[in-house]
Structure formats: C-alpha cells, structure tokens
Amino acid sequence: MAHINIEVSAMMKNISLWFVLGLMVSAPAAAAMNVFSCEPEWAELVRELGGDKVSVTSATTALQDPHRVEARPSLIAKVRKADLVICSGAELEVGWLPMLLRQAGNGAVMPGRDGYIEVATLVDRLDIPKTLDRSDGDVHASGNPHVHLDPRNILAISHVVMRRLVMLDSANAVFYQQRQRDFAERWQQAILRWQLQGAQLKGVRVVVHHQDWAYLFQWLGVEIAGTLEPKPGLPTTAGHVVELKNTLAKSPARMIVHAAYQSDRAAQRMSQLSGIPVVVLPYTVGGDDKSVDLFTLFDVTLQRLTGDSR
Ligand SMILES: [Zn+2]
C-alpha cells in the first residue's frame, strides 16, 4: 500500500511538473503593443525603439505614394486593434487616414489621444504657405510633411516616440529608454558621418520631381533648381517642361532626382532634353534592396547623391 502511495504521489508530482512546464511553454509572452504606422520610416523608428515589445505594421510600402492610399478594410482592421497610430500628418494622409480612423472606431488612437502621434507637428516644418490657394495644386496647407529626410528630425522625434511608448506600456519603461539612448548614440554618430560625406553637395543644384526632398536638401545645403511637377501633386505639362528646360539651360543642375515610388517618365523626359542624369533615391525604408532600415536608407541616399555608387 505504502509502495503504491509513493508511486502515485511521484506520478502526481510529475503530472503537476508537466502541467507547469506546459503552461510555461504555451503561455503567450507579454502581448506586444500593436503599432500602426502610415509610412515605413515611422514603422522602422518604432521598431528601433520598441524591439520585440512592439508589433509594427506599415500602411504603405516605399513603392507606394503615401499621398494616395486606398482606405482598405484590412487597414481599418489594423487601426481597430492598434495601441498606437503614428503618421507623418501635416495633411500627407489627408486623403485616407481620417477615413481609416473614423471607420476603425478605436477611441484610443484618435487625434489628441495618447495613442496617436502626428510626427510633423513635432518639428519645424518647411514650406508653410503664406496664403492658401487650392489652385496652386495639392498644396500641403500645414507645410511640407516629408520631414523624415532630415536625420536631425528623426533624432528629435525618437525622444517623443520613446516617451509615448513608456506612457502606453509603463511595465517596459526601462527597456524603451535604454533602446532610445542606444539608438540616439548610434544615430548621432551616423549624422556626423553623413554630414562629412554630404559636405561636397553644398550648393549643388538638383531638379526634383516633387518636394519630398525639402528637408534632406535643406540639411545638406543642396539647392532645388526646379520641380518636374508644375504645382505640387500635379502631373507635368508640356509648357512646364519647356520652361524648366530653358531655366536649366541658363543655370544647369547636376541631377534630376525622383523617389522610388514615383514614375520615372517625367524625369527621363527632362533628362533627354537637358542631358542631366536621373538619380533614383529610395525615399524611405524599403525603397531599394539596400535600404533595409533607417541607417541604410541614409547611407544609400548619400551614396547616390555623391555618386559613390551611382
Ligand atoms: Zn508631398
């Protein structure tokens, strides 16, 4: 009898051990925060700061025009379960984000709430129109929203994003703070490297497709010689092409730049007319094979602009 008892109790111990082990294996790790980003650059920044504590999805890829996105049901579903929504703002997503937010009905991520970050409001914006006239094209009334291409903006924004992650997920506060410190240190070193590399671009004249490059070129001291769009967001016209060609004949530019997400048609046409080479820049993370994170995005951009690997 005693013998059996011992065996039974040993068995029970084993069962409870397996039960505990089973729980440990099957218990989900602390649920990661769901982050919905409108653009790849902010998704990457959140990944840098949040590591495995965040599950990040981007509404757009680098090959999509962030001005024009369809508010698909799959995107609405993602906003619905998001703990944090992060977007450029300043009207970049005016054609689709308000609709997504309305349809998702997730109060925690509505503008003004802790779960909503409008990045462009965190930095000094360029190109704020003095007067607003919609006949001037698809003007960004709150200024230029393409703020991520000045790396100093990314650094400033990383502080705000970190603080927001801490606010929403205070259990991991120290984790986010440490990752932000580490990111900021590496980022500041990289900025110095890029500035050194980009010094040769000071005063260089460049034709752009759209004003996506205002922050990048202001930082580098590059001069914008003209835009292929006659007015922001509008396709180029024959008249505008001639006008720009004449301008460039008088004061030439070194290159014609367009983003990976833009058609190269207008740039190639201007290149044929003017003899100025076209340079495609990734614009954001994923814009080409090498731009796999924020660091390589700037590495590639500087390489292309300086001709190091054009
Ligand atoms: Zn724009």
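The values are calculated or read from the model by the stated rules, or taken from the named source; none is laboratory data. All figures in this text were calculated on a predicted structure; none of them were measured in a lab. Cβ atoms come from the backbone with ideal geometry, glycine included; neighbour counts cover every protein chain shown. The protein model used for the area step is the full one, side chains on, heavy atoms only, and it has no ligands, DNA or RNA in it. Shrake-Rupley method; radii C 1.70, N 1.55, O 1.52, S 1.80 Å.
Residue-by-condition table, conditions (1) within 16 Å of the ligand (Cβ to nearest atom); (2) closer than 21 Å to Met167 by Cβ:
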| site | (1), (2) |
| --- | --- |
| Cys38 | yes, yes |
| Arg47 | no, yes |
| Asp52 | no, yes |
| Val56 | no, yes |
| His67 | yes, no |
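May I ask you to verify whether Met110 is over 18 Å from the mean Cα position of the chain (by Cα), more than 16 Å from the ligand (Cβ to nearest atom) and touching a residue at least 24 places away in the same chain (Cβ under 8 Å)?
Judged against the criteria, Met110 is not a match.
Please go through segment 19-42 and pick out each residue that is open to solvent by 20 Å² or more (accessible area, probe 1.4 Å) and modelled with pLDDT of 95 or more.
Of the residues in segment 19-42, the ones open to solvent by 20 Å² or more (accessible area, probe 1.4 Å) are 19-32, 34.
Listed by number, the list holds a single entry, Asn34.
If we scan segment 285-295, do we find a residue that is assigned to a helix (DSSP H, G or I) and in contact with a strand residue (DSSP E or B) (Cβ under 9 Å, 6 or more places away or on another chain)? If you could, list the steps in order and put the result at the bottom.
Filtering segment 285-295 for residues assigned to a helix (DSSP H, G or I) gives 294-295.
With in contact with a strand residue (DSSP E or B) (Cβ under 9 Å, 6 or more places away or on another chain) added as a condition, the list becomes none.
The answer is no, given that none of the residues of segment 285-295 is assigned to a helix (DSSP H, G or I) and in contact with a strand residue (DSSP E or B) (Cβ under 9 Å, 6 or more places away or on another chain).
Do we have Val174 as crowded, with 19+ Cβ neighbours inside 10 Å, in the same structural domain as Leu75 (by TED's automatic domain parsing), assigned to a helix (DSSP H, G or I) and away from the ligand (no atom under 16 Å from the Cβ) here?
In short, no.
Looking at Gln197, is it surrounded by 12 or more Cβ atoms within 10 Å (Cβ to Cβ), out of contact with any Leu (no Cβ under 6 Å at 6 or more places or on another chain) and either in a helix (DSSP H, G or I) or outside the structural domain of Asp83 (by TED's automatic domain parsing) (or both)?
Judged against the criteria, Gln197 is not a match.
Hey, does segment 220-233 have a residue that's away from the ligand (no atom under 16 Å from the Cβ) and under 21 Å from Ser88 (Cβ atoms)?
Yes: one or more hits.
For (1) in the same structural domain as Gly286 (by TED's automatic domain parsing); (2) assigned to a helix (DSSP H, G or I); (3) open to solvent by less than 10 Å² (accessible area, probe 1.4 Å); (4) within 15 Å of the ligand (Cβ to nearest atom), each residue gets a yes or a no:
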{"residue": "Glu44", "(1), (2), (3), (4)": "no, yes, no, no"}
{"residue": "Ala62", "(1), (2), (3), (4)": "no, no, yes, yes"}
{"residue": "Leu75", "(1), (2), (3), (4)": "no, yes, yes, no"}
{"residue": "Lys78", "(1), (2), (3), (4)": "no, yes, no, no"}
{"residue": "Glu91", "(1), (2), (3), (4)": "no, no, no, yes"}
{"residue": "Asp114", "(1), (2), (3), (4)": "no, no, no, no"}
{"residue": "Pro129", "(1), (2), (3), (4)": "no, no, no, yes"}
{"residue": "Ala141", "(1), (2), (3), (4)": "no, no, no, yes"}
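Report, by residue number, each residue of segment 47-60 that is surrounded by fewer than 17 Cβ atoms within 10 Å (Cβ to Cβ) and in contact (Cβ under 8 Å) with a residue 40 or more places away in the chain.
Once the filter is applied, which keeps residues that are surrounded by fewer than 17 Cβ atoms within 10 Å (Cβ to Cβ) and in contact (Cβ under 8 Å) with a residue 40 or more places away in the chain, segment 47-60 yields only Gly51.
Output the residues belonging to segment 80-89 that are surrounded by 20 or more Cβ atoms within 10 Å (Cβ to Cβ) and either under 30 Å from Leu234 (Cα atoms) or among the basic types (Lys, Arg) (or both). Don't jump to the end; show me each part of the working.
As a first pass, look at segment 80-89 and keep what is surrounded by 20 or more Cβ atoms within 10 Å (Cβ to Cβ): 82-89.
Scanning segment 80-89 gives Val85, Ile86, Cys87, Ser88, Gly89.
Just checking, how many residues over segment 272-302 are under 30 Å from Lys250 (Cβ atoms) and free of Cβ contacts under 8 Å to residues at least 12 places away in the same chain?
First, pick out the residues of segment 272-302 that are under 30 Å from Lys250 (Cβ atoms): 272-281, 283, 301-302.
Filter once more, so that each one left must be free of Cβ contacts under 8 Å to residues at least 12 places away in the same chain: 272, 275.
Of the residues in segment 272-302, 2 are under 30 Å from Lys250 (Cβ atoms) and free of Cβ contacts under 8 Å to residues at least 12 places away in the same chain.
When you scan segment 201-271 for strands (runs of 3 or more DSSP E) that lie fully inside it, which ones turn up with 1 or more residues that are free of Cβ contacts under 8 Å to residues at least 40 places away in the same chain and open to solvent by 20 Å² or more (accessible area, probe 1.4 Å)? Steps first, please.
Values: elements: 205-208, 223-227, 255-259.
In segment 201-271, 223-227 are the strands (runs of 3 or more DSSP E) which contain 1 or more residues that are free of Cβ contacts under 8 Å to residues at least 40 places away in the same chain and open to solvent by 20 Å² or more (accessible area, probe 1.4 Å).
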